Amino acid sequence: MITTKTRQQIERMHSAGKYLAELLTLLRESAVPGITTAKLNDIAEGWLVRKKLYSPFKGYRGYPSSICVSVNEQVVHGIPGQKLIKNGDIVSIDAGVVFDGYVADAAITVPVGEVSEQLQKLISITEHSLYYGISQMVEGNRLYDITYAIQSYTESYGYSLVKEFCGHGVGRKMHEDPQVPNCGHRPNTGPRLRCGWVLAIEPMVNMGSAGVKVEGDGWTVVTNDGKPSAHFEHTVAITSNGPLILTAL
């Protein structure tokens, strides 16, 4: 069942989103050559303690960390560890914050040091595809208008979208109805969008083929062909004035 949020509930989620934007800004600045992915998680956990907040990720279905850090061919759900981030890497950071009982969820992909033009383009197209999807979050449109906008834009550049993972509703829980696929649906199909819906839109874009697999840790998703992937996400409310990005950086 898709829950419609009140204005007051959306305001609480917006407060959570502002905190999350602050955290992601800190992590973006911290993602430098020589740092480990575990250290990024330490930085996030220290920040959460100082702000008296907590992450909805830690403990979710046994997930051990407060953020996900995925490097290069890692798509999503990378568990922070002793992996060193190097000059020329791209690092996807997925994070969440719970404030006053409500969740905000967002992700960024960060270029570390000097990255190739190919990787810069992958990051740029992935981020732009997110905003193409968000632009369809208007009352009266249909859910898969979001999907089609993301897919048509991304594939026009020759990239592939991950099918196995998708966006979702957000509220008191991190994952609520509906699921928001990034590909595989025609426009003008799916449930009609309503004011008060809050959705996390999150395209995951591969430079090569769409195929992915889960590594032995049971969490980290990587591309089958070993080519890089990028990931961006915002939590967005549908309002009478159009889409409101609650996690704007």
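The values are calculated or read from the model by the stated rules, or taken from the named source; none is laboratory data. For clarity, every value in this text was computed on a predicted model and none was experimentally measured. Cβ coordinates were reconstructed from backbone atoms using ideal geometry, including for glycine residues, and neighbour counts include every protein chain displayed. Areas reflect the complete protein model, heavy atoms only, side chains present, ligands, DNA and RNA absent. Shrake-Rupley method; radii C 1.70, N 1.55, O 1.52, S 1.80 Å.
Side notes on the structure shown:
- Distant-in-sequence amide H partners of V212 (H built 1.01 Å from N, under 5 Å): N224
- For the range 1-156: rounded, prolate or oblate by the Cα gyration tensor [a/c cutoff 1.5]: oblate
- Cα lying deepest toward the dipole's positive end in the range 1-67, options T25, P64, T6, charges on Cβ: T6
- In the context of the full set of protein chains, the range 118-249 has a per residue accessible area of 42 Å² (1.4 Å probe).
- Binning the alpha carbon pair distances of the range 146-195 at 5 angstrom intervals from zero yields the distribution 5, 18, 26, 25, 15, 9, 3, 0, expressed in whole percent.
- Applying the criteria of a DSSP loop state and at most 11 other Cβ atoms within 10 Å to the GluC sites (Glu not before Pro) of the range 79-175 yields E114.
- T235 long-range amide H proximity, modeled H, under 5 Å: D105, L246, T247
- Nearest-20 debye value, the chain charge dipole, Cβ charges on Lys, Arg, Asp, Glu: 620 debye
- Sparse-neighbour loop sites [trypsin sites (Lys or Arg not before Pro); the range 140-183; at most 15 other C-beta within 10 Å; DSSP]: K163, R172, K173
- Phi angles of the range 162-170 translate, via the Karplus equation with coefficients 6.51, -1.76, 1.60 and θ = phi - 60°, into HN-Hα couplings of 6, 8, 6, 10, 8, x, 6, x, 9 Hz per residue; Gly and Pro are given as x.
- Largest first, the residues E215, E233, E11 sort by 1.4 Å accessible area into E11, E215, E233.
- Over 26 Å apart at the Cα level, from the set K163/K227; K83/K227; K173/K227; K51/K121; K83/K173; K51/K173, are K173/K227; K51/K121; K83/K173.
- The Cα center of the range 137-190 and the Cα center of the range 79-128 differ in position by 20 Å.
- Our summary of shape: the Cα atoms of the range 163-222 have principal axis extents of 40, 30, 14 Å, ordered from largest down, in whole angstrom.
- Taking the protein heavy atoms of the range 96-186 in the context of the full set of protein chains, the accessible area attributed to carbon and sulfur is 45 percent at 1.4 Å.
- Assigned charges on the beta-carbon of Lys, Arg, Asp, Glu; the range 50-176 dipole about Cα centre (debye): 620 debye
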